[in-house]
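The values are calculated or read from the model by the stated rules, or taken from the named source; none is laboratory data. For clarity, every value in this text was computed on a predicted model and none was experimentally measured. Cβ atoms come from the backbone with ideal geometry, glycine included; neighbour counts cover every protein chain shown. Only protein heavy atoms, including side chains, enter the accessible area calculation; ligands, DNA and RNA are left aside. Shrake-Rupley method; radii C 1.70, N 1.55, O 1.52, S 1.80 Å.
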Amino acid sequence: MTRTLVLIAAGTVALALAPAPVIAQGAKGDVAGGYAYLHEKGLSVPAGWFASAGGRLNDWIGIAGAVSGHYKTETAGLVETKASIHTFVAGPRFTAGRGRVVPYYQVLVGAARVGAKATVAGRSNSVTQNGFDIQPGLGLDLMGTRALGIRVGINGDYIRSDGEWAKEFQFIAGAVARW
């Protein structure tokens with residue numbers, strides 16, 4: 001599994017960095033942001049956000065970058081636990097179409113930061129870990145006008161930290177602006 005993910009990431013990054021002579025013709029861009037829900041086996045993190053930006057190199061390939069934050073607080077008796085996950089990723093985005101419904105596929109790679117803080121009777125202890133992140137995803141931009149619409153998507157989120165892979169999925173929904 002690990003080797004397959006690394007090969008997918010390396011191949012898509014290489015494809016994205018290949019020379020693209022159509023860049024000089026003017027790339028189109030987009031920005032999006034909104035709600036993000038994260039789920040890992042046995043753990044749902046319903047409080048989250050995402051923001052992304054991208055530019056098209058030609059009609060079917062572009063470069064995208066995304067950041068996200070997910071937060072959860074649980075209290076059991078005198079113990080309060082707060083968890084957070086932040087991701088910072090970029091990579092190629094493949095699109096199909098230019099109309100009001102624009103599907104896309106992307107493979108973004110980068111970093112993740114996972115933190116946890118436990119508080120018992122006013123005393124706190126915190127732990128933070130950084131890791132490698134791969135996010136393959138599918139999505140759909142539903143354009144209401146030529147420039148404004150709604151973005152929905154589902155991303156796999158594979159975070160490698162301390163020699164282990166955490167396998168999560170992320171659902172996003174928000175606004176998208178294109179130019």
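Computed quantities for the displayed model
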| read-out | value |
| --- | --- |
| Sole residue being closer than 18 Å to A36 by Cα, at pLDDT below 95 and not in a loop (DSSP other than H, G, I, E, B), chosen from G115, G139 | G115 |
| Test: residue in segment 108-121 that is among the hydrophobic types (A, V, I, L, M, F, W, C) and under 20 Å from R56 (Cα atoms) | yes |
| Selection from segment 143-153 of residues that are in a strand (DSSP E or B) and either open to solvent by less than 70 Å² (accessible area, probe 1.4 Å) or of a type in the set (V, I, T) (or both) | M143, G149, I150, R151, V152, G153 |
| Residue list for segment 154-179, filter: open to solvent by 60 Å² or more (accessible area, probe 1.4 Å) and aromatic (F, W, Y) | F169, F171, W179 |
| Residue within segment 120-139 that is surrounded by 12 or more Cβ atoms within 10 Å (Cβ to Cβ), over 22 Å from K41 (Cβ atoms) and among the hydrophobic types (A, V, I, L, M, F, W, C) present | yes |
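Residues are listed down the side, and each one gets a yes or a no for (1) surrounded by 12 or more Cβ atoms within 10 Å (Cβ to Cβ); (2) in contact (Cβ under 8 Å) with a residue 40 or more places away in the chain; (3) in contact with a Pro (Cβ under 9 Å, 6 or more places away or on another chain); (4) of a type in the set (K, R):
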| position | (1), (2), (3), (4) |
| --- | --- |
| A36 | yes, yes, no, no |
| E40 | yes, yes, no, no |
| S44 | no, no, no, no |
| G55 | yes, no, no, no |
| G62 | yes, no, yes, no |
| G65 | yes, yes, no, no |
| S68 | yes, yes, no, no |
| L78 | no, yes, no, no |
| S84 | yes, no, no, no |
